[in-house]
Amino acid sequence: IPVSIEVSGSYHNVAVFFDKVGRMERIINILNVSMVPDAARSTVLNTKCDAVTYRFKGESDAPPPKK
């Protein structure tokens, strides 16, 4: 299940966000991270990334049997 994320904040705040995502009970991979300063010499970063999580496909998710 892919999710596009955009966050703004200092480098430390973005790192804390990623740390909290990493501590979630569900497996979440952060991919394609891009950090760009808000303005020249700014300490605020505009960060874009893709988060990908997975879900268990049980028997109820299987297609119905063909007759």
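Accessible area per residue (1.4 Å probe, heavy atoms of protein chains only) ranks L45, L31 as L31, L45, with the largest value leading.
Against the main long axis of the alpha-carbon atoms of the chain, helix 11-22 sits at an angle near 20°. With all protein chains in place and a 1.4 Å probe, the accessible surface of the chain carries 56 percent carbon and sulfur. A crude spin-label estimate for the pair D50 and Y11, with each label 7 Å from Cα along the Cβ direction, gives 2.6 nm.
Per residue, the chain exposes 86 Å² of accessible surface when a 1.4 Å probe is rolled over the protein heavy atoms with every protein chain present. Taking every protein chain into account, the 1.4 Å probe leaves K20 with about 140 Å² of accessible area, to the nearest ten. Between A39, A15, A51, the Gaussian network model of the chain with springs among Cα atoms under 10 angstrom shows the greatest mean-square fluctuation at A39. The aspartates and glutamates whose alpha-carbon is closer than 19 Å to the alpha-carbon of K48, local same-chain residues fewer than 8 away aside, are E6, D19, D38. Rolled with a 1.4 Å probe across the full set of protein chains, the surface gives I28 an accessible area near 40 Å². Put +1 on the Cβ of every Lys and Arg and -1 on every Asp and Glu Cβ in the chain; which of S34, F56, F17 then has its Cα farthest towards the positive end of the dipole? Towards the positive end, the residue furthest out is F56.
Just to make sure I understand: if all protein chains stay in place, what is the order of F56, F18 by accessible area at 1.4 Å, largest first? Show your work: numbers first, answer last.
Values: F56 175, F18 50 Å².
Correct descending sequence by accessible area is F56, F18.
The GluC sites (Glu not before Pro) of the chain that meet both conditions, a loop assignment by DSSP and at most 16 other Cβ atoms within 10 Å of the site Cβ, are E25. Every helix of 4 or more DSSP H residues in the chain counts as -39500 (n - 2.57), and over all residues that averages to -5500 deg cm²/dmol at 222 nm.
Charging the Cβ of each Asp and Glu at -1 and of each Lys and Arg at +1, and nothing else, the dipole of the chain about its Cα centre rounds to 260 debye.
The values are calculated or read from the model by the stated rules, or taken from the named source; none is laboratory data. What you see is a predicted model, and the numbers here were worked out from it, not measured in a lab. Cβ sites come from the backbone with ideal geometry, for glycine too, and all protein chains shown count toward neighbours. Each accessible area value is taken on the protein alone, full model and side chains, heavy atoms only, with ligands, DNA and RNA left out. Shrake-Rupley method; radii C 1.70, N 1.55, O 1.52, S 1.80 Å.
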